[in-house]
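First comes the structure, then the notes that go with it.
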Amino acid sequence: MNVIENLKQIQENIQDACSKSGRNPEDINIVAVTKYVGVNKAEEALEAGLTHLGENRDSGLLSKWEALGEEPQWHFIGTLQSKKVKNIIDKVSYIHSLDRLSLAREIHKRADRPVSCFVQVNVSGEESKHGLDPQKVEGFIRSLENYSSIKVAGLMTMAPHTNDGDFLRECFRTLKGLQETIHSLGLPHAPCTELSMGMSNDYTIAIEEGATFIRIGSALVGND
Ligand SMILES: *Cc1c(COP(=O)(O)O)cnc(C)c1O
C-alpha cells in the first residue's frame, strides 16, 4: 500500500464527485483514519500532505500523538467512553461521536477551551450503530446550550455496510437535511455547518450528498 498513490486516486475520485454535484474539492477535508496502522503509515499520510488524522481509541491516539506531536489536527472518531475523555481532550481538535448528555458533561468538565464536536446520528436505524435517532437530534443539540466548551460543528453518521448505493445516498441525504435544519436554527453554540460522512466504500456518494469531512482508512493507509 502506497499512501501517495492511494491519495492520488482518492483525490481524482473526489474531483469527479465534486464535478457531478457542483461542489468545490477545497470544501472536502480528508481525515486519514490510522486506527489499523502504525505510526509509520500515519507519518506517510502527513508527508503526503494530509493534515487530519483520525483514531477511534484513546490508546491509539495517544501513542501516535506522542510520536507525531500536535501539528496534525487530531480527530476522535469512535465510541468514546466518558472515563476516557480526560486522556484525549487536550489533544483533539474534533470529536465525531457526541451522542449523549453524560459525554457532553464530561467533555465540558475536562476541556479548557471550546472543542468542535460532531453529533453522531444513527440515520439507518441499525441497532448495532451508535448515535441518536434523527428525531432526537434537535432536542439534544438544544440541550447542549449550557455546556460552553462544546461547539457543535456538525453532524456525523456511519452508513451501513452495504453496496446498495441508493440506500447509502438516502442515508447521507437525510443527514444533510437534518444538518440544514439545525444550522437554520441559528443557535450560537451550534453553527452546524459540517457533515462528517463517507468512508472508504462510500465516500464518493457522501461527497455528492454534501460531506465536508470524509473519514478514510483502508483505501488510504491500508488496514494491515
Ligand atoms: C474505521 C472507521 C473509519 C474508516 O473506515 P474505512 O472503511 O477503513 O475507511 C471511518 N469512520 C469511523 C467512525 C471508523 O471507525
Working only within the stretch 36-64, note down all residues that are in a helix (DSSP H, G or I) and open to solvent by less than 30 Å² (accessible area, probe 1.4 Å).
Ala42, Ala45, Asp58, Gly60, Leu61, Lys64
Output for the stretch 1-43, where each listed residue is over 20 Å from the mean Cα position of the chain (by Cα), away from the ligand (no atom under 16 Å from the Cβ) and in contact (Cβ under 8 Å) with a residue 40 or more places away in the chain
Ile4, Asp16, Lys20, Ser21
Per the filter on the stretch 44-71, residues of a type in the set (Ser, Thr, Tyr), within 16 Å of Arg215 (Cα to Cα) and within 16 Å of the ligand (Cβ to nearest atom) are none
Within the stretch 18-35, residues being outside any helix (DSSP H, G or I) and farther than 16 Å from Asn6 by Cα number 5
Where a residue in the stretch 65-82 is open to solvent by 20 Å² or more (accessible area, probe 1.4 Å) and assigned to a helix (DSSP H, G or I) and its partner, wherever it lies, is at pLDDT 95 or above and not basic (Lys, Arg), with Cβ under 6 Å and at least six apart:
Ala67/Val39; Ser82/Ser102; Ser82/Leu103; Ser82/Glu106
Within the stretch 145-181, restricting attention to residues that are of a type in the set (S, T, N, Q) and away from the ligand (no atom under 16 Å from the Cβ), which residue is most open to solvent (accessible area, probe 1.4 Å)?
Asn146
Mind checking which residues of the stretch 198-210 are within 9 Å of the ligand (Cβ to nearest atom) and either among the acidic types (Asp, Glu) or not in a helix (DSSP H, G or I) (or both)?
Gly198, Met199, Ser200, Asn201, Asp202
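The values are calculated or read from the model by the stated rules, or taken from the named source; none is laboratory data. Predicted model, so just to flag it, every value in this text is computed and none were measured. For neighbour counting, all protein chains shown are included, and Cβ atoms are generated from backbone atoms with ideal geometry for every residue, glycine included. In case anyone asks, the SASA skips ligands and DNA or RNA and just uses the protein heavy atoms, side chains included. Shrake-Rupley method; radii C 1.70, N 1.55, O 1.52, S 1.80 Å.
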